[in-house]
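Comments concern the structure below.
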Amino acid sequence: MNAPVTELSVRPAAVMPLRIRVFGPGDRSRWEEFVHRCPDATFFHRIGWKDIFEHSFGFNTHYLLAERDTQIVGVLPLAEVKSFLFGHALVSLPFCTYAGVATLEIEALAALHGYARQLGEKLGVDHLELRDRAVREVDWPRQDLYVAFRKPILQKVEDNLAAIPRKQRAMVRKGIAQGLVSRVDADPACFFALYADNVHRHGTPPLAKRYFAALLRTFGRDCEFLTVTDPQGKAVSSVLSFYFRDEVLPYYAGDIEAARDLAANDFKYWEVLRRACERGLRVFDLGRSKRGTGAFAFKKNWGLEPMPLAYEYCLYRRERIPENNPLNPKYRLLMALWRRLPIPVANVIGPHLVKGLG
């Protein structure tokens, strides 16, 4: 499912002058209200992420808003990321699929981009990175490695099951036949153990357990841990999902090696979809994946068409787009070394390294 097309209005500047400024403490409720009503906005535009970045990662944030009189007409959240491997960047937003400008006005879009470019220069960053669902700066260098996967949720549970391609539907039924059960957990403990095991096998440093606790604390009912157990009650797979308006976004996941043979991951995502249908939600957003990876193939198996993401860059002190992904030899070396660490050690050291990989 492609991203919704937002028709940006063109308002004559004479109607009311446009002003760009930095977020202030009194703007919190107004920002959140705008994000919930702006069709262009996503879960990652929510103001709670500002707290997450500052308190969980120690990032400096620069949240920008465009106003006409007292009305917010556009927002752009930004955070500074400093990495030993990949340099100093201003990003919208680290660890988020898409969080570029959310607005209804072409003039506000251009003004926010202009302010962000000047801010990046002032901060002395190596590059500015804007993560969007559509191209907005045709002249900027652009990375086309990532795609998103979204699909509509049908009104009836059985229709959603029937809409899954035959081979993938057979895997879901296999999980059901295995006696797998899903439950919603009140805290991240079980999820984190499975998540840490999973990322270690893939050679990636883990995010901190306190980060996931902070997500739950910040977003409350809009953040949910769903865990799949086998017939003996052993947790084999888990996922953290976000909820925004009429969408569900299963975002972070973990499992044990035995999950594949049990079809636990297939069952897990079906349970997220089934529960979302029963809640009356309308969009299933399986997030981003890199082209040519196992995650990319898994999501395509669900009948989802890849939607190219536009990650656009303004380069200040570097000549080409940074490769903070496994295509970079430095990144591959880190992954190979990481797999050799004991998981308890990786869980302690990892959060200090991963914040530079956002």
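The values are calculated or read from the model by the stated rules, or taken from the named source; none is laboratory data. As the structure is a prediction and not an experimental result, all values here were calculated from the model. Neighbour counts are summed over all protein chains in view; Cβ atoms, including those assigned to glycine, are modelled from backbone coordinates with ideal geometry. Surface areas here come from the heavy atoms of the whole protein model, side chains and all, with no ligands, DNA or RNA. Shrake-Rupley method; radii C 1.70, N 1.55, O 1.52, S 1.80 Å.
Summary table
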| item | result |
| --- | --- |
| Radius 15 Å from Cβ of Asp187, net charge of other residues (Lys, Arg +1; Asp, Glu -1) | +3 |
| Residue-averaged 222 nm ellipticity for the chain, from DSSP H runs of 4+ at -39500 (n - 2.57), nearest 500 | -10500 deg cm²/dmol |
| Average accessible area per residue (Å²) across segment 51-107 - probe 1.4 Å, nucleic acids and ligands excluded | 29 Å² |
| More than 17 angstrom apart: percent of Cα pairs within segment 89-149 | 41 percent |
| Pairwise FRET efficiency - Arg320 versus Arg221, Cβ, R0 = 45 Å, nearest 0.05 | 0.60 |
| Across Lys82/Lys268; Lys234/Lys300; Lys82/Lys209; Lys174/Lys209; Lys82/Lys122, pairs whose alpha-carbon gap is larger than 27 Å | Lys82/Lys268; Lys234/Lys300; Lys174/Lys209 |
| Cα→Cβ-extended label distance, 7 Å offset, between Ser29 and Asp144, nm | 4.7 nm |
| Net length gained if the chain between Ile343 and Leu123 were fully extended (0.36 nm per residue, minus Cα distance) | 75.5 nm |
| Linear extension gain, Asp51 paired with Arg260, 0.36 nm per residue minus alpha-carbon span | 71.6 nm |
| Inter-label distance, nm, simple model (7 Å from Cα along the C-beta direction), Asp246/Ala189 | 3.9 nm |
| Sequence of Arg291, Arg131 from largest to smallest accessible area, 1.4 Å probe | Arg291, Arg131 |
| Solvent-accessible ranking of Ile47, Ile20, Ile106, largest area first, probe 1.4 Å | Ile106, Ile20, Ile47 |
| C-alpha long axis of helix 106-123 to longest principal axis of the chain, angle in ° | 90 degrees |
| Segment Glu278-Ala213, length gained on full extension (0.36 nm per residue, minus Cα span) | 20.8 nm |
| Rounded to the nearest 20 debye, dipole of the chain from Cβ charges on Lys, Arg, Asp, Glu | 800 debye |
| Partner aspartates and glutamates for Lys156 [C-alpha distance under 12 Å; skip if fewer than 8 residues away on the same chain] | Glu278 |
| Sequence ranges 179-186, 238-245, ranked by mean other-Cβ count within 10 angstrom, highest first | 238-245, 179-186 |
| Note, ³J(HN,Hα) from phi for segment 169-176, Karplus 6.51, -1.76, 1.60, rounded to Hz, x at Gly and Pro | 4, 5, 5, 4, 5, 4, x, 5 |
| Crossing angle, helix 329-338 versus the chain [Cα axis fit, 0-90 degrees, rounded to tens] | 40 degrees |
| Charge sum, other residues only, whose C-beta stays under 13 Å from Lys167's C-beta, Lys/Arg counted +1 and Asp/Glu -1 | +4 |
| Segment 38-144, relative contact order in percent, only Cα pairs under 8 angstrom and at least six apart counted | 24 percent |
| Kirkwood Rh, angstrom, segment 112-189 [1 / mean 1/r, Cα pairs] | 18.0 Å |
| The chain, accessible surface, carbon-and-sulfur percent (1.4 angstrom probe) | 54 percent |
| Two-site FRET efficiency, Lys234 against Ala170, from Cβ-Cβ distance with R₀ of 35 Å, rounded to 0.05 | 0.90 |
| Label-point gap, in nm, between Asp69 and Thr293 - each point 7 angstrom along Cα→Cβ | 4.7 nm |
